Amino acid sequence: PAISGMASPKRLMGTTLGDELKLSNFKQSKVVSISWDNFSSILPAGRLGDGAYWFCESSGNMVTGSYYMGDLPQWVKDFNGKQLAQRYSARVWNTSKDISEYRASLPDNSIYENGIEGQSTFPYDIRKLNKGTGFQLLKYTPWANDLMLEFALQAIDGEQMGQDEFPDMLMISFAQPGYISDAFGIRSVELQDSYIRLDPTIATLLSTLDIKFGRGNYLVFLTSDRGASDSPLFLADMGMQGMQINLQNTMVILEAYLRALYGDETWIEKYSCRQVYLNHLAVEKYRLRLADVQDMAAQFLLQIDGIDHAMPASALTSSMDNNGIWRQAANAMSRGRSGDIIINLSPGWQEITGNSQQFSCSAQCSA
């Protein structure tokens, strides 16, 4: 649907830069956010954003949420009418230069790549790989960034941004390199080619701003939402420490330990992004101290190879003398939202799910 009411900033705590900008001049500034994913568009836009737009992989359209508006602006409808996703999906992605020039990458047929739909070498016929099931694979190509750019340029005109004395804010997420690194790794020809292609995409954005507003009349800042690491298999082959751990399987072992220790109950409510959430109702039922259960679970996890720290929430919230990784974990704690135990892996270890070589916690966990 054009308007998706299933995503909003309802759970956002605090304010964003866009929120503060609009508060500073009683909502005279315009704030627009654009991304492939809903969460990475909504979180920058904040509660007061004029629009948070993201890509719908089933329809190929740019959409938003009913939190922000009841219907799409005409300029968005006009953009969707161009059917750019359909056109981009009909392309074949090959290297932009002769493949012999990609010296910063491993060979194209590297054994360390998962690839997409079973393919990990150029060229990529997206339409054939996608098998007519929407536009899910488009995000693994450079055209995803081009689509975001074209939408952003239309947003500047459609929202008449930069046309008065109040500063406006446009946030664009070029998320495609993140998907590429997840599927192919950080030393792949695919990732190098995506950055080679991203450079002129950003250049087009800057040159357009120069023409529309003049150099020195706008401010640009660049940031990143996350990073990526080498495949542990690659590190091991290079003579470095490279190991994998499946923490979902570790939770099964921890659950069995807690049952043996406290009773036949479900003690782990869920595991998500290296955070263990205990069943507080079970803790109360057995009249246990939550801090004690947290500590026992953390001590058990520390015996697992690959786990460098297992930090009980009670310890993080009760002490102000934490340093290093403990201080970082304490600063990231949010009462009522964070888990009971925060896990930090040992150097050289990476978390996987199933048989995958890739991270189990990627962009989707940022929401």
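Please state the shape class of region 14-152: rounded when a/c is under 1.5, otherwise prolate if a/b exceeds b/c and oblate if not, all from the C-alpha gyration tensor.
Prolate.
Quantify, in whole percent, the carbon and sulfur part of the accessible surface of the chain (1.4 Å probe; protein heavy atoms only).
51
Mind running the shape call on region 242-306? Use the C-alpha gyration tensor, a ≥ b ≥ c as the square roots of the eigenvalues: rounded below 1.5 for a/c, prolate if a/b tops b/c, oblate otherwise.
Since a/c reaches 1.5 and a/b is larger than b/c, the shape of region 242-306 is classed as prolate.
Each residue of region 137-142 in order: what ³J(HN,Hα) in whole Hz does its phi give by Karplus 6.51 cos²θ - 1.76 cosθ + 1.60, θ = phi - 60°, with x for Gly and Pro?
Running phi through 6.51 cos²θ - 1.76 cosθ + 1.60 with θ = phi - 60° gives 8, 4, 5, 8, 10, x Hz.
Give me the 1.4 Å probe accessible area per residue for the chain, excluding ligands and nucleic acids, in Å².
That works out to 52 Å² per residue.
What are the ³J(HN,Hα) couplings of region 237-253, residue after residue, when phi is run through the Karplus curve with 6.51, -1.76, 1.60 and θ = phi - 60°? Round to Hz, x for glycine and proline.
Working through the residues one at a time gives 5, 7, x, 9, 7, x, 10, 10, 9, 9, 6, 5, 5, 4, 5, 5, 5 Hz.
What shape does region 1-53 take by its C-alpha gyration tensor, where a ≥ b ≥ c are the square roots of the eigenvalues and a/c under 1.5 counts as rounded, a/b above b/c as prolate, and the rest as oblate?
In terms of gyration-tensor shape, prolate.
Take a quick pass over the chain and tell me how many lysine pairs come in under 26 angstrom between Cα atoms, counting only ones 8 or more apart or on separate chains.
So the count works out to 24.
Taking the convex hull of the Cα atoms, report for region 138-277 its projected area averaged over all directions, in nm².
The directionally averaged projection comes out at 13.9 nm².
Running Debye on region 167-224 with equal point scatterers at the Cα sites and no solvent, what base-10 log of I(q)/I(0) appears at q = 0.20, 0.24, 0.26 Å⁻¹?
So the normalised log intensities work out to -0.82, -1.00, -1.09.
Long-range amide H contacts for residue 27: which residues qualify at under 5 Å (H placed 1.01 Å from N, peptide plane, sequence gap of 5 or more or a different chain)?
none
Just to confirm the filter: which trypsin sites (Lys or Arg not before Pro) across region 1-73 are DSSP coil and have at most 11 other Cβ within 10 angstrom of their Cβ?
Sparse-neighbourhood loop trypsin sites (Lys or Arg not before Pro): 10, 11.
With θ set to phi - 60°, apply the Karplus curve 6.51 cos²θ - 1.76 cosθ + 1.60 along region 211-216 and write out the HN-Hα couplings as whole Hz, x wherever there is a Gly or Pro.
Residue by residue, region 211-216 yields 5, 6, 10, x, 4, x Hz.
Per-residue ellipticity at 222 nm for the chain, helices alone: DSSP H runs ≥ 4 residues times -39500 (n - 2.57), over residue total, nearest 500 deg cm²/dmol?
Rounded to the nearest 500, it is -11000 deg cm²/dmol.
With a cap of 10 neighbouring Cβ atoms within 10 Å, and only residues DSSP puts in a loop, list the trypsin sites (Lys or Arg not before Pro) found in region 192-252.
Loop-located and lightly packed - 215.
The values are calculated or read from the model by the stated rules, or taken from the named source; none is laboratory data. Note that the structure is a prediction, hence the values are computed from the model and not measured. Virtual Cβ from ideal backbone geometry, glycine too; neighbours counted across all protein chains shown. Only protein heavy atoms, including side chains, enter the accessible area calculation; ligands, DNA and RNA are left aside. Shrake-Rupley method; radii C 1.70, N 1.55, O 1.52, S 1.80 Å.
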